[in-house]
1. Of the residues in the stretch 76-102, how many are surrounded by fewer than 20 Cβ atoms within 10 Å (Cβ to Cβ) and either among the aliphatic types (A, V, I, L, M) or within 14 Å of Leu154 (Cα to Cα) (or both)?
2. Taking the criterion of being in a loop (DSSP other than H, G, I, E, B), out of contact with any Lys or Arg (no Cβ under 8 Å at 6 or more places or on another chain) and either surrounded by fewer than 18 Cβ atoms within 10 Å (Cβ to Cβ) or touching a residue at least 60 places away in the same chain (Cβ under 8 Å) (or both), would at least one residue in the stretch 149-168 satisfy it?
3. Kindly provide the set of residues from the stretch 169-188 that are open to solvent by 50 Å² or more (accessible area, probe 1.4 Å) and touching a Phe, Trp or Tyr at 6+ places or on another chain (Cβ under 9 Å), ordered by number.
4. Enumerate the pairs (first residue in the stretch 38-60 and farther than 14 Å from Asn281 by Cβ; second residue anywhere and open to solvent by less than 30 Å² (accessible area, probe 1.4 Å) and modelled with pLDDT under 95) with beta-carbon separation below 9 Å, excluding pairs fewer than 6 apart on the same chain, so at least 6 apart or on different chains.
5. For the stretch 265-285, give me the residue count where each residue is within 20 Å of Tyr81 (Cα to Cα) and in contact with a Gly (Cβ under 9 Å, 6 or more places away or on another chain).
6. Looking for something modelled with pLDDT under 95, in contact with a Pro (Cβ under 6 Å, 6 or more places away or on another chain) and crowded, with 21+ Cβ neighbours inside 10 Å - is there at least one such residue anywhere in the stretch 55-75?
7. Filter the stretch 103-123 down to residues that are acidic (Asp, Glu) and out of contact with any Cys (no Cβ under 8 Å at 6 or more places or on another chain) and give me whichever is most open to solvent (accessible area, probe 1.4 Å).
8. Would you confirm, using the coordinates I've provided, whether Glu230 is among the charged types (D, E, K, R), assigned to a helix (DSSP H, G or I) and surrounded by fewer than 23 Cβ atoms within 10 Å (Cβ to Cβ)?
Amino acid sequence: MRKLLLILSIVLLLFSCAKEDDEDSGFSIVAADFPSYDAARAITGSSDNIVMLLPSGTESHSYDPTPRDMIRIAKSDLVVYTGGPSDEWVRTIISSLDNPPASFALTDQVELLTEEHVEGMEEEEEHDHDHNEHEIDEHVWTSPLNEIVIIRNLADVMKTLNPAMEDSYEINATEYIAAIRKLDEAFRAIVDNSKRNTLIFASRFPLLYFVNEYGLEYYAAFPGCAEESEPSARTVAFLIDKARELEVPCILNIEMSSPMIADVIAEEAGCDVRVFNTLHNVSASDFYSGKNYVDLMVENIEVLREALN
C-alpha cells in the first residue's frame, strides 16, 4: 500500500502538470476488470470510450495498477469496479484525487456473502495468503439475478451522468437484462430437472452466489479468492472419494486455472473435466472477439447440464 501511495503521489503531480488531450473523447468510463467492463459495455452498446485496466488473460487478484492506470482513472468521468479485496487500490486512487470521477462498485449493489469452508476444503491457515474466514466474497456477478440488479443500477447512474444518452442506455440495459433473465430461467430448468445437486471443483471456488441462487451443493479445493496454490494430498484424496461416491460425470475447473489437479481427480474417479466460467477475467481471444457475460454464461448452461446429469 505504501508503494501504491508513493507512485500515486508522483503520478498525480505529473498529471496536474500534463496538458489535456487535444480532442474531447466524450463520456469516458474506466473499468477495473471484466465484469465491470462488460456491464458498462452492455449499457453503452459499444466499447468506445471504455477502458479495461486489467489486461485480458491475466490474474485479477495480484494485479498492480500502473501509473497510466492512475492517470486514466483521474481523467475519467466514471470508474466501475468490483469493490472487493482484489481492487481495493481503486478506492485508494479515487480517494486521493482532489476532483474524483463518479464511481460505481458492484459489491455495493447487492447483499454480500462471506467466503465459506465446506468439508474437505483446504484450511486457510495452511496457505500463505491474506484472506480470513470473514472475507467477503466479491464475485457478486456470478448470480444472474445479482447481475440484473447491477446492470439496472449502473444504467441509472450513467443516465444521470450523461443524460444525452439516456434513451440509448435504457434500451440497451433493458435488452441485456432480458437476455440475462433467459439465462436464469435456463439454469433453474436444469437444476429442477437434474439427477444430481452437487458440483465438484478442483480449484478455487468463486461461485458462492451462483450455487446459493440455485440451491446447489458443492465441494472444492479452496474458497473464493484463495491464492492459487496446489491443494494438499488430503484434499485431492477427499475430492476423488467424493467424485467416486457421487458418481459425478465431470470435475469442474475454473477458467485460466491449471488443469493438472482436475485431470488427476477426473482420471482417478473415471470422469471428465469441464471448464466453468466465473468471468472474473477472460482470455485475450475471448476479449477481442467481443464475448460478453451472456455468451460465457451460455457456455456454463451446457456444462451445468452435464455436471448434474
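1. Matching residues across the stretch 76-102 total 4.
2. Filtering the stretch 149-168 for residues in a loop (DSSP other than H, G, I, E, B) gives 162.
If we keep only those that are out of contact with any Lys or Arg (no Cβ under 8 Å at 6 or more places or on another chain) as well, we get 162.
If we keep only those that are either surrounded by fewer than 18 Cβ atoms within 10 Å (Cβ to Cβ) or touching a residue at least 60 places away in the same chain (Cβ under 8 Å) (or both) too, we end up with 162.
Yes - at least one qualifying residue is present in the stretch 149-168.
3. Across the stretch 169-188, the qualifying residue is only Arg188.
4. Matching pairs, first to second residue: Val51/Asp69.
5. Pass one, the stretch 265-285, residues within 20 Å of Tyr81 (Cα to Cα): 277-284.
So of that shortlist, the ones also in contact with a Gly (Cβ under 9 Å, 6 or more places away or on another chain) come out as 281-284.
The number of residues fulfilling the criteria is 4.
6. no
7. So the first thing to find is which residues in the stretch 103-123 are acidic (Asp, Glu), and the list is 108, 111, 115-116, 119, 122-123.
Now drop any that are not out of contact with any Cys (no Cβ under 8 Å at 6 or more places or on another chain), which leaves 108, 111, 116, 119, 122-123.
Working: Asp108: 101, Glu111: 157, Glu116: 73, Glu119: 112, Glu122: 3, Glu123: 77 Å².
In this case the residue turns out to be Glu111.
8. Details: among the charged types (D, E, K, R): yes; assigned to a helix (DSSP H, G or I): no; surrounded by fewer than 23 Cβ atoms within 10 Å (Cβ to Cβ): yes.
Considered against the rule, which asks whether it is among the charged types (D, E, K, R), assigned to a helix (DSSP H, G or I) and surrounded by fewer than 23 Cβ atoms within 10 Å (Cβ to Cβ), Glu230 comes out as no.
The values are calculated or read from the model by the stated rules, or taken from the named source; none is laboratory data. All figures in this text were calculated on a predicted structure; none of them were measured in a lab. With ideal geometry, Cβ positions are generated from the backbone for all residues, glycine too; neighbour counts draw on all protein chains shown. The accessibility values were calculated without ligands, DNA or RNA, using every heavy atom of the protein model including side chains. Shrake-Rupley method; radii C 1.70, N 1.55, O 1.52, S 1.80 Å.
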